[in-house]
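*Asks:* Next up is a structure, given as structure tokens.
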Amino acid sequence: MENRIRVAIDGPSGAGKSTIAKAVAKKLGIDYIDTGAMYRAVGYKVLKQGVDPGDAQALKTLLDETEIDFSKGNIILDGNVINDKIRTPEISKKASECSALAQVREKLVQLQRGMGQSKSVIMDGRDIGSNVLTDAEYKFFMTASPEERARRRFDELKEKGQQVTYEQVLEDILQRDHNDMTRELNPLRKAEDARELDTTGMSIEEVTDYILKEIEKNGNC
Ligand code: DC
């Protein structure tokens with residue numbers, strides 16, 4: 001399809017992927033797909049229904065009856081907007097657990113590939129450039145030091161009025177890095193052809209501009 005572009009942004013938790021992806025999507029007028037939110041949606045449903053993720057048959061039934069979509073910046077699970085329900089530490093943990101399961105990954109990767117098939121998209125996650133959209137026109141691997149990522153997340157949580165300490169947030173980030181990188185299935189890793197971008201010390205505007213320039217350089221927009 002002519003002029004279609006797919007942009008993949010991967011990287012560890014708290015690297016700022018979703019903030020940047022949203023800003024780039026807005027500038028380019030293309031859809032943003034937050035794949036982490038899809039794993040969170042599954043984690044949310046598993047928790048809500050009290051399903052044991054280790055029970056393969058129960059998980060299969062749950063996944064067969066699950067519909068996930070995005071509309072106007074909202075994530076929709078089985079017809080309901082769940083944006084606010086999936087950003088808690090409890091759901092982060094369940095999403096991480098579910099994201100290591102083959103059944104869950106198969107279902108979500110298939111959905112994600114479908115979303116990137118017929119239109120321009122920017123998708124962020126852990127395995128987009130290396131697995132979901134291996135032929136994406138643009139691939140970025142965004143990192144930042146664990147301390148800076150913890151600081152950004154800590155500030156965000158404080159703003160929302162949550163009671164946490166910086167040390168707790170840092171520990172959580174290091175644990176999630178470990179889980180994401182050592183997972184057997186599609187672990188977090190930089191695709192060979194992805195551009196690596198260390199955003200430590202960079203502002204949101206600087207990172208957004210860098211990505212937009214890389215895309216404009218190639219004349220797709
Ligand atoms: O980016 P996030 O924190 O919202 O992601 C939630 C969980 O889903 C996290 O444990 C990593 C996992 N994930 C994944 O395995 N693959 C993706 N493409 C996106 C997220």
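The values are calculated or read from the model by the stated rules, or taken from the named source; none is laboratory data. Predicted model, so just to flag it, every value in this text is computed and none were measured. Surface areas here come from the heavy atoms of the whole protein model, side chains and all, with no ligands, DNA or RNA. Shrake-Rupley method; radii C 1.70, N 1.55, O 1.52, S 1.80 Å.
*Asks:* Amide H neighbours of R183 under 5 Å, counting only residues 5+ apart in sequence or on other chains, H built in-plane at 1.01 Å?
*Replies:* L188
*Asks:* Taking H as built 1.01 Å from N, whose amide H comes closer than 5 Å to the amide H of I33, not counting residues under 5 places away?
*Replies:* Amide H to amide H, under 5 Å and 5 or more residues apart or across chains, I33 pairs with I122, M123, D124.
*Asks:* Hey, another quick one. From largest accessible area down, sort K17, K190, K85; use a 1.4 Å probe on the protein chains.
*Replies:* K85, K190, K17
*Asks:* What does the accessible area per residue of the range 28-100 come to in Å², with a 1.4 Å probe and no ligands, DNA or RNA counted?
*Replies:* 52 Å²
*Asks:* Under the Karplus relation 6.51 cos²θ - 1.76 cosθ + 1.60, θ = phi - 60°, what is the ordered set of whole-Hz ³J(HN,Hα) values for the range 83-93, x standing for Gly and Pro?
*Replies:* Result, rounded to whole Hz: 2, 7, 8, 10, 10, 10, x, 5, 6, 4, 5.
*Asks:* Here is a follow-up. Tell me the relative contact order for the chain as a rounded percent, counting alpha carbon contacts under 8 Å between residues six or more apart. Please report the intermediate quantities before stating the final value.
*Replies:* Values: 312 pairs, mean separation 74.2, N = 221.
Taking the mean separation of contacting Cα pairs over the length of the chain, I get 34 percent.
*Asks:* Can you give me the relative contact order of the range 1-83 as a percent, contacts being Cα pairs under 8 Å and 6 or more apart?
*Replies:* Relative contact order here is 16 percent.
*Asks:* Whole-Hz ³J(HN,Hα) for each residue in the range 104-112, computed from phi via Karplus 6.51 cos²θ - 1.76 cosθ + 1.60 with θ = phi - 60°, x for glycine and proline: what do you get?
*Replies:* Values, residue by residue: 5, 4, 4, 4, 6, 5, 4, 4, 5 Hz.
*Asks:* So what J values fall out for the range 21-27 if you push phi through Karplus, 6.51 cos²θ - 1.76 cosθ + 1.60 with θ = phi - 60°, rounded to Hz, Gly and Pro as x?
*Replies:* Per residue, the Karplus-derived 3J(HN,Hα) values read 4, 4, 5, 5, 4, 5, 4 Hz.
*Asks:* Taking the Cα centre of each part, how many Å lie between the range 191-212 and the range 76-97?
*Replies:* Using only Cα atoms to place each centre, the spacing works out to 27 Å.
*Asks:* Using only DSSP helix segments of four residues or longer, with each worth -39500 (n - 2.57), what per-residue ellipticity at 222 nm results for the chain after dividing by its residue count and rounding to 500?
*Replies:* Per the formula, -15000 deg cm²/dmol.
*Asks:* Of all accessible surface on the chain at a 1.4 Å probe, what whole percent is carbon and sulfur?
*Replies:* Roughly 46 percent, rounded to a whole number.
*Asks:* Using Stokes-Einstein with the Kirkwood hydrodynamic radius over Cα pairs, what translational diffusion coefficient do you get for the range 106-145 at 20 °C and a viscosity of 1.002 mPa s, in µm²/s rounded to a whole number?
*Replies:* Diffusion coefficient, whole number: 198 µm²/s.
*Asks:* Something else now. So for the chain, what are the equivalent ellipsoid semi-axes in whole Å, largest first, each being the square root of 5 times an eigenvalue of the Cα gyration tensor?
*Replies:* They are 26, 22, 16 Å, listed largest first.
*Asks:* Okay, moving on. Just for the Cα atoms in the range 5-84, what are the lengths along the principal axes, largest first, rounded to whole Å?
*Replies:* 42, 27, 24
*Asks:* Under a 5 Å amide H to amide H cut-off, with H placed in plane at 1.01 Å, what residues pair with I75 once short-range neighbours are removed?
*Replies:* Excluding prolines and chain starts, which carry no amide H, the hits are I82, N83.
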